[in-house]
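Engineer: The structure is given below, and queries will be raised subsequently.
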Amino acid sequence: AVCSMGNSTSRLYSVLAKTLSSGAVSQHQDCLEQLDSAQLDPIDPKDLLEECQIVLQKRPPRFQRSFVNLKKNAASNHRPIRVMQWNILAQALGEGKDNFVQCPMEALKWEERKCLILEEILAYKPDILCLQEVDHYFDTFEPLLSRLGYQCTFFPKPWSPCLDVERNNGPDGCAMFFLKERFELVNSANIRLTAMKLKTNQVAIAQTLKCHETGRLFCIAVTHLKARTGWERFRSAQGCDLLQNLKNITQGAKIPLIVCGDFNAEPTEEVYREFSNSSLNLNSAYKLLSPDGQSEPPYTTWKIRPSGECRHTLDYIWYSQHALNVNSALGLLTEEQIGPNRLPSFNYPSDHLSLVCDFSFNQDPDRLL
């Protein structure tokens, strides 16, 4: 029954309900790897959204967020490319390690939380989706998103902290998904980040895509840098290593670049300055929401742990400002929406907010470099 995800006679709910339990994942790993997504029946995203909403009917409604139009000049002659960045919170960490003292365990139940995550993705319909802390890739995200038309890539951490949690679902890592109808994969690199010449536990995925509509190449990357205070120099070294890899992949900024990630670093940190001052000519898209276009949002994560309340800006979407325009960006949740118990909650599945931007190509990128 576990391998019958392509059975067209079954209701979509069975796909959601039967995604593997944490105890079954290794047992059925071979079966999962044998599934050819090209042979599975496509899913209508409206049907999947409806099924998610049935599962979530006892929860409060999803928060409403609006896109802010940022492009001043004339409309582009091609459809924008919508990119979504999100640390979705690894299930094993949410239940077993992160100690969200104001979040009831009931709110973290995977059967419902995965539907909240899917609902958020389906609501914004990204062309490219970049996720961190994915520990249900093989049993949930790859089977479902491949049937929605995405090409899927996963790169786990070598020593994931999820593995320390009893009844875990395997290691967490970074995942990238892009719509095959819009893009063709030209090159893909899984990067294990180094710091001080040592291989680290943090990873990145970088893929060069060709846009079918315009014929333009661009590179999209996803990463998740080392967490915690006291590791600033380590994050800085990881950032330098990632930038060097991306310089090679983009031929020194000849290929436009978008980098999504949970950097675990406030804008005051050295790794942020490295990306701001890089020869790749990167800008942070969410700065454009500020009145002067120079300030990051006040927070992208907000939680309460035993040590107290943590409100930080850690998540970013960087882009080649000479080659790409940010047409619009999704506004953040307000403090009132988030509520006094902060994140995650019955309303929202992660302790990090999703970031979503619409990009278009500049007509003459070389002139601006």
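Engineer: Residues in region 278-307 that are under 23 Å from R228 (Cβ atoms), open to solvent by less than 30 Å² (accessible area, probe 1.4 Å) and of a type in the set (K, R): how many?
Structural biologist: Residues meeting the conditions: 1.
Engineer: For region 206-218, enumerate the residues that are polar (S, T, N, Q) and either farther than 23 Å from G173 by Cβ or in a loop (DSSP other than H, G, I, E, B) (or both).
Structural biologist: Of everything in region 206-218, just one residue is polar (S, T, N, Q) and either farther than 23 Å from G173 by Cβ or in a loop (DSSP other than H, G, I, E, B) (or both), namely T214.
Engineer: Counting just the residues of region 60-86 that are modelled with pLDDT of 95 or more and open to solvent by less than 30 Å² (accessible area, probe 1.4 Å), which one comes out nearest to I220 (Cα to Cα)?
Structural biologist: Once the filter is applied, the top-ranked residue is V83.
Engineer: Check region 150-173 and report whether any residue there is small (G, A, S) and more than 20 Å from G96 (Cα to Cα).
Structural biologist: Taking region 150-173 first, the residues small (G, A, S) are 160, 170, 173.
Restricting the remaining residues to those that are more than 20 Å from G96 (Cα to Cα) gives none.
Within region 150-173 (the criterion being small (G, A, S) and more than 20 Å from G96 (Cα to Cα)), the answer is no, since none of the residues qualifies.
Engineer: Another question, if that's okay. Could you give every pair whose Cβ atoms fall below 8 Å, whose first residue belongs to region 80-91 and is in a strand (DSSP E or B), and whose second residue is among the small types (G, A, S), counting only separations of at least 6 or pairs across chains?
Structural biologist: Qualifying pairs under 8 Å: I81/S360; M84/S354; Q85/G261; Q85/S354; W86/S350; W86/S354; N87/S350.
Engineer: Continuing with this model, one more query. Looking at C310 and the list (1) free of Cβ contacts under 8 Å to residues at least 12 places away in the same chain; (2) open to solvent by 20 Å² or more (accessible area, probe 1.4 Å); (3) more than 22 Å from N99 (Cβ to Cβ), which single condition is not satisfied?
Structural biologist: Unmet condition: (3).
Engineer: Going through region 313-340 one residue at a time, which ones are open to solvent by 20 Å² or more (accessible area, probe 1.4 Å), over 14 Å from L353 (Cα atoms) and either touching a residue at least 24 places away in the same chain (Cβ under 8 Å) or not charged (D, E, K, R) (or both)?
Structural biologist: Matches in region 313-340: Q321, N325, N327, P340.
Engineer: Across region 30-48, what is the total count of residues that are of a type in the set (A, V, I, L, M), modelled with pLDDT under 95 and surrounded by 11 or more Cβ atoms within 10 Å (Cβ to Cβ)?
Structural biologist: 4
Engineer: Does region 343-351 contain at least one residue that is open to solvent by less than 10 Å² (accessible area, probe 1.4 Å), in contact with a Cys (Cβ under 7 Å, 6 or more places away or on another chain) and more than 19 Å from K72 (Cβ to Cβ)?
Structural biologist: Pass one, region 343-351, residues open to solvent by less than 10 Å² (accessible area, probe 1.4 Å): 343-344, 348-351.
Pick out the ones that are also in contact with a Cys (Cβ under 7 Å, 6 or more places away or on another chain) and you get 344.
In the following step, the residues that additionally are more than 19 Å from K72 (Cβ to Cβ) were identified as 344.
There is at least one residue in region 343-351 that is open to solvent by less than 10 Å² (accessible area, probe 1.4 Å), in contact with a Cys (Cβ under 7 Å, 6 or more places away or on another chain) and more than 19 Å from K72 (Cβ to Cβ).
The values are calculated or read from the model by the stated rules, or taken from the named source; none is laboratory data. Quick caveat, the model's predicted, so the values are computed rather than measured. Glycine also receives a Cβ, built like all others from the backbone with ideal geometry; neighbour counts cover every protein chain displayed. The accessibility values were calculated without ligands, DNA or RNA, using every heavy atom of the protein model including side chains. Shrake-Rupley method; radii C 1.70, N 1.55, O 1.52, S 1.80 Å.
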